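Q: First the structure, which I've put down as structure tokens, then a few questions once you've had a look.
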Amino acid sequence: MIRSIIFDLDGTILNRNSSLYEFIVDQYERIIKKAKNIDKESYINRFIELDNRGYVWKDRVYQELIKEFDLQLDWNELLADYKNGFCKYARPFPNTFEILEKLKEQDYKLGMITNGFSDFQSSNIHALGIQKYFEVILISEVEGLRKPDPAIFLRAADLMKVLPEECVYVGDHPINDVTASKNAGMKGIWKEDTYYTDQFEYDGLVRDLLEIETVIEQWNCE
């Protein structure tokens, strides 16, 4: 019997690709083009490439951008602007609030596990306005554990007073989210991301967050 649904943040609830693009455009208009007249799309595309879907922290991204585009800017200031300003462009995926409301109405315990820095991820969560739905929010910097370590999944289950086999984890990353949660004894739902093309095992697949409800209902009826 499924009693708890635990979510990833980036790429699952937070539409990071869209949010990042909007932020980069804004930062380019406010800061970059005033420092040097460089092609906007070239800069944006290179930023996104260096960012590598968030797996490269922005200190390295900005240092490389300054070098490649010969910008007379301080990467520390650009990084501070990113830390403080990204949350203004935090955008949820469609039906985020609808699915969270539905699951809460059905008395599921909701949790979140996300890798990242505490202040940065907390500001994004608050900007999205979703913190009220979750009993437990674990951020890797605070916990001293990172996905795909099964221990962080087990910690979430323990805090919500449920067994791992009573939990479902929903995430977009094949290894860090789906495989890792399955290794912790949970069911893993993949929120499909066509970027990932390698085959891997998952218990359920959704393309829209609202589909989670149907998947879990089927499991609880078995």
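The values are calculated or read from the model by the stated rules, or taken from the named source; none is laboratory data. All of these numbers come straight from a predicted model, not from anything done at the bench. Every residue, glycine as well, gets a Cβ built from its backbone with ideal geometry; the counts of neighbours run over all protein chains shown. To get the accessible areas, we keep the full protein, side chains included, count just its heavy atoms, and leave off ligands, DNA and RNA. Shrake-Rupley method; radii C 1.70, N 1.55, O 1.52, S 1.80 Å.
Q: Yes or no: the range 139-146 includes at least one residue that is in contact (Cβ under 8 Å) with a residue 24 or more places away in the chain, open to solvent by 30 Å² or more (accessible area, probe 1.4 Å) and assigned to a strand (DSSP E or B).
A: Within the range 139-146, none of the residues are in contact (Cβ under 8 Å) with a residue 24 or more places away in the chain, open to solvent by 30 Å² or more (accessible area, probe 1.4 Å) and assigned to a strand (DSSP E or B).
Q: Counting only residues that are among the charged types (D, E, K, R) and under 14 Å from Ser42 (Cα atoms), which one in the range 65-74 is surrounded by the fewest Cβ atoms within 10 Å (Cβ to Cβ)?
A: The residue in question is Asp70.
Q: Would you mention how many residues in the range 75-101 are surrounded by 13 or more Cβ atoms within 10 Å (Cβ to Cβ), free of Cβ contacts under 8 Å to residues at least 60 places away in the same chain and not hydrophobic (A, V, I, L, M, F, W, C)?
A: 3
Q: Filter the range 180-206 down to the residues that are touching a Gly at 6+ places or on another chain (Cβ under 6 Å) and free of Cβ contacts under 8 Å to residues at least 40 places away in the same chain, then identify the one that is surrounded by the fewest Cβ atoms within 10 Å (Cβ to Cβ).
A: Asp203
Q: On the given criteria, is Asp107 over 18 Å from the mean Cα position of the chain (by Cα), modelled with pLDDT of 95 or more and outside any helix (DSSP H, G or I)?
A: Here the answer is yes, as Asp107 does meet what is asked.
Q: I've got another one for you. In this structure, does Ile32 turn out to be outside any helix (DSSP H, G or I), modelled with pLDDT of 95 or more and surrounded by 14 or more Cβ atoms within 10 Å (Cβ to Cβ)?
A: no
Q: Out of the residues in the range 180-219 that are assigned to a helix (DSSP H, G or I) and under 16 Å from the mean Cα position of the chain (by Cα), state the one that is nearest to Leu100 (Cα to Cα).
A: That would be Ser181.
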